[in-house]
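Student: Sending over a structure as structure tokens; questions will come in a sec.
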Amino acid sequence: MNLPDYVSINEVQRVCKLLKIRDWTLLKKAEITLEEAKKILAELETADMDIALEDFKLGIEIELEHGIRFAEANVTNNHPILTGKIVLAHFKESLDYYQRLDVAEIEGDILKAVARNDSAKVLVLYEKLVNAKLKLSQSETKTLKIK
């Protein structure tokens, strides 16, 4: 079935302009600035959630990656507020949602690199995994209020 774009390019451009951020219809990489993340987060109703800006930025970039890498899966057409709301929904489940996802994705990438016998890539990814696990562990420690 051929589905239409439910969020138009014009709408995404309009919202980007209102937020005073880059035109996200032109994104080639799932990378945003902290300032862009801050502007989007400020527009969302987060209630009393203590959302770290770096974690929100990571969530936005992961959600954008899905649409940029897989055009057929681009649900929001890179709309900043809608993408932010997806991130917010995941944070309502768990504030470390994207840290956990980051660890899982790196582990999957390591498996693929091992299967290709790409030891140089495994080494790079393993270092990335150690850092991601450290960040997750620090988040868990903070959540559990362990000193």
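Student: Can you tell me how many residues in the range 76-97 are part of a helix (DSSP H, G or I) and without any contact (Cβ under 8 Å) to a residue 60 or more places away in the chain? Break it down stepwise before answering.
Tutor: The initial filter retains those residues of the range 76-97 that are part of a helix (DSSP H, G or I), namely 80-93, 97.
Remaining after also requiring without any contact (Cβ under 8 Å) to a residue 60 or more places away in the chain: 83-93, 97.
Of the residues in that region, 12 qualify.
Student: Looking at (1) of a type in the set (A, V, I, L, M); (2) assigned by TED's automatic domain parsing to the domain that holds Leu125; (3) more than 22 Å from Thr143 (Cβ to Cβ); (4) touching a Lys or Arg at 6+ places or on another chain (Cβ under 9 Å), which one does Val103 not meet, given that it meets all the others?
Tutor: So Val103 meets the others, but not (3).
Student: Among the candidates Lys38, Lys29, single out the residue that is without any contact (Cβ under 8 Å) to a residue 40 or more places away in the chain and touching a Leu at 6+ places or on another chain (Cβ under 8 Å).
Tutor: Sole residue among the options that is without any contact (Cβ under 8 Å) to a residue 40 or more places away in the chain and touching a Leu at 6+ places or on another chain (Cβ under 8 Å): Lys38.
Student: Out of (1) closer than 22 Å to Gln99 by Cβ; (2) touching a Pro at 6+ places or on another chain (Cβ under 9 Å), the odd one out for Cys16 is which?
Tutor: So the condition that Cys16 fails would be (1).
Student: Another one. Kindly establish whether Arg100 is closer than 26 Å to Ala37 by Cα and either among the charged types (D, E, K, R) or in contact (Cβ under 8 Å) with a residue 40 or more places away in the chain (or both).
Tutor: Considered against the rule, which asks whether it is closer than 26 Å to Ala37 by Cα and either among the charged types (D, E, K, R) or in contact (Cβ under 8 Å) with a residue 40 or more places away in the chain (or both), Arg100 comes out as yes.
Student: I would also like to ask the following. Could you figure out which of (1) under 23 Å from Glu140 (Cβ atoms); (2) modelled with pLDDT of 95 or more isn't true of Lys20?
Tutor: The failed condition is (1).
Student: If Lys135 meets every condition in (1) among the basic types (Lys, Arg); (2) in a helix (DSSP H, G or I); (3) at pLDDT 95 or above apart from one, which number is that one?
Tutor: (3)
Rundown of residues vs (1) surrounded by fewer than 18 Cβ atoms within 10 Å (Cβ to Cβ); (2) within 12 Å of the chain's Cα centre (by Cα); (3) among the small types (Gly, Ala, Ser), yes/no style:
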{"site": "Phe91", "(1), (2), (3)": "no, yes, no"}
{"site": "Ser94", "(1), (2), (3)": "yes, no, yes"}
{"site": "Gln99", "(1), (2), (3)": "no, yes, no"}
{"site": "Ala104", "(1), (2), (3)": "yes, no, yes"}
{"site": "Gly108", "(1), (2), (3)": "yes, no, yes"}
{"site": "Lys112", "(1), (2), (3)": "yes, no, no"}
{"site": "Ser119", "(1), (2), (3)": "yes, no, yes"}
{"site": "Leu123", "(1), (2), (3)": "yes, no, no"}
{"site": "Glu127", "(1), (2), (3)": "yes, no, no"}
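Student: Also: For the range 1-60, which positions are loosely packed, with under 13 Cβ neighbours inside 10 Å, part of a helix (DSSP H, G or I) and among the aliphatic types (A, V, I, L, M)?
Tutor: Leu18, Leu26, Leu34, Ala42, Leu53
Student: Follow-up. So Asn117 ticks every box in (1) farther than 30 Å from Thr141 by Cβ; (2) outside any helix (DSSP H, G or I); (3) modelled with pLDDT under 95 but one. Which box is left unticked?
Tutor: Unmet condition: (3).
Student: Would you be able to say whether some residue in the range 79-99 is within 28 Å of Ala42 (Cα to Cα) and in contact with a Gly (Cβ under 6 Å, 6 or more places away or on another chain)?
Tutor: Here is the first cut: in the range 79-99, the residues within 28 Å of Ala42 (Cα to Cα) are 79-99.
Restricting the remaining residues to those that are in contact with a Gly (Cβ under 6 Å, 6 or more places away or on another chain) gives 87, 98.
Yes, some residue in the range 79-99 is within 28 Å of Ala42 (Cα to Cα) and in contact with a Gly (Cβ under 6 Å, 6 or more places away or on another chain).
Student: So Ile106 ticks every box in (1) over 25 Å from Val15 (Cα atoms); (2) touching a Ser or Thr at 6+ places or on another chain (Cβ under 9 Å); (3) at pLDDT 95 or above but one. Which box is left unticked?
Tutor: Single failed check for Ile106: (2).
Student: Does the range 81-91 contain at least one residue that is under 30 Å from Lys17 (Cβ atoms) and either among the small types (Gly, Ala, Ser) or at pLDDT below 95 (or both)?
Tutor: yes
The values are calculated or read from the model by the stated rules, or taken from the named source; none is laboratory data. Given the structure is predicted, the values throughout are model-derived calculations rather than measurements. Don't worry about glycine lacking a Cβ; one is built from the backbone with ideal geometry, like all the others, and counts go over all protein chains shown.
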